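A short write-up of the structure that comes next.
The values are calculated or read from the model by the stated rules, or taken from the named source; none is laboratory data. None of these values were measured; they are calculated from a predicted model. Here the Cβ positions follow ideal geometry from the backbone for every residue, glycine too, while neighbour counts run over all protein chains shown. The protein model used for the area step is the full one, side chains on, heavy atoms only, and it has no ligands, DNA or RNA in it. Shrake-Rupley method; radii C 1.70, N 1.55, O 1.52, S 1.80 Å.
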Amino acid sequence: MYFFRLPKDGLFLLLFLLYAPVGLCLMLLRLFIGVHVFLVSCALPDSLVKRFIVRVMCSVMGMFVKQNDPRLRDKNVKVYICNHVTQFDHNVINLLTSCNTPMLDVSPGFVCWARGFMEFGLTSSRSERTESLKQYCSMEGSLPLLLFPEEETTNGKTGLLKFSSWPFSVSDSVQPVALSVKRPFIPANVEESSWMLELLWTFFIPFTVYQVRWLPTVSRQDGDSSQEFGNKVQELLAMELGVVSTQITRADKAEHLKRKRHIAPRTINSNQSLGARPRTISLGFMASNSMEDMRISGMQVKEVLPHVPLSVIKRDLVQTNCVDTTITNLLEGAEEINSSSFGGSSVAAIRTSSLNAIGATASAPALKPAAESFGKSTADRHMSLQDRKEALYEYARR
């Protein structure tokens, strides 16, 4: 996912600022042309001529659509399965072939129709949605459905979200469509940005190239469930796009964005995975180096280990970027503490005093921060440490 639109590299940022006056002029001109494209789309009937005219006008607006080979498109298939990169993916595929994309989460209206979605309406359950789409596909002369099993956009550079199973319950044969988007200066899509704002940026940028690749039709094997069928198609699309096939769902992404809204802004790191751990400094693709984040994390560790000096906590946090790992390191004595900083006290003494302090303040009878006797064997001492760690984590959670 991309969270920042402007380039971070100094040279690219300078070029972007120099281009800005030209981009503003292009945006105003393309807004005027875009109105005509909309009117032409409404006036002309669906045909090859209409798609050609609209595609040429979109090229004038800087939206170039390419495909590998039109003959690879299966004219008998009823469902196209595509990865989701931008909020205009369905419009791009419609420039190449006639298809319908249902708007499932928004009630029908003018905006839904104007954006090129099929007015499907809201349903109370996923099963009702699937049955309605099955009935649509069984109708004579109905256009193919274009579905996005990820149900949310990604940057198209790292991985695919886990495919939902319901699109693969509509038909036993689907054709995967691999979509990649390239544009200069800025990413093709930024999280939590409206479709109107993304459209304006598309008009502002000199060009955006959409590459569509038609893959061979995939049929359901005997005994495959809808989820297994979807996993196979997900793997094929991931291999074609050169990305990974993840198990991260739409709900995981929503939770990640929710966490991001409640923490300080962090620098995006695209090399990290989207999954988040509790009480970690790096959430998803983000990594933080700010002093404010370090101070907050240090106070979290200080609440659990009040007798450990804050300087040692911060030094370990710089290396681990994780509150849980720092607590574990300090408990296990992984961090070597200078004798001058603690007046000659050892790691074991600090750890013991911290655990004893926590044990004195905890009211729950299950908390046993200190062992009754020193274990004679290494195994006994290790088990005692594990018991104390579990009790400490339970106390911290409470």
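Calculate the length of the line joining the C-alpha centroid of the stretch 125-157 to that of the stretch 203-267, in whole Å.
Rounded to whole Å, the Cα centres lie 16 Å apart.
Calculate the FRET efficiency for Val244 and Val111 from the Cβ-Cβ distance with a Förster distance of 35 Å, rounded to the nearest 0.05.
0.50
Accessible area per residue of the stretch 158-218 at 1.4 Å probe, in Å²?
31
Leaving ligands, DNA and RNA out of it, work out the accessible area of Ile296 with a 1.4 Å probe and give it in Å² to the nearest 10.
Counting only protein heavy atoms, Ile296 exposes about 80 Å² to solvent.
Using 0.36 nm per residue, how much length does the chain from Leu310 to Glu255 gain when fully extended, once their Cα-Cα distance is taken away?
Between Leu310 and Glu255, full extension yields 16.7 nm more.
Using a simple spin-label model with points 7 Å from Cα along the Cα→Cβ vector, what separation in nm is obtained for Asp69 and Glu390?
For Asp69 paired with Glu390, the spin-label model returns 6.0 nm.
Anything over 20 Å Cα to Cα? Flag those among Lys50/Lys78; Lys258/Lys314; Lys66/Lys157; Lys8/Lys157, in the order listed.
In this structure, Lys50/Lys78; Lys258/Lys314 exceed 20 Å between Cα atoms.
Starting from the Cα of Leu18, step 7 Å along the direction of its Cβ; do the same at Phe207; then give the gap between the two resulting points in nm.
That separation, rounded to one decimal, is 1.9 nm.
Please compute the modelled spin-label separation between Ser193 and Lys302, points set 7 Å along Cα→Cβ, answer in nm with one decimal.
Each label point lies 7 Å from its Cα, and together they span 3.9 nm.
When the chain is fully extended, how far beyond the present Cα-Cα distance does Thr158 get from Leu48, taking 0.36 nm per residue of separation?
Taking 0.36 nm per residue and subtracting the Cα distance, the gain is 36.1 nm.
At 1.4 Å probe size, with the rest of the protein present, what percent of the exposed accessible area of the stretch 71-111 is carbon and sulfur atoms?
Whole-percent figure for carbon plus sulfur exposure: 52.
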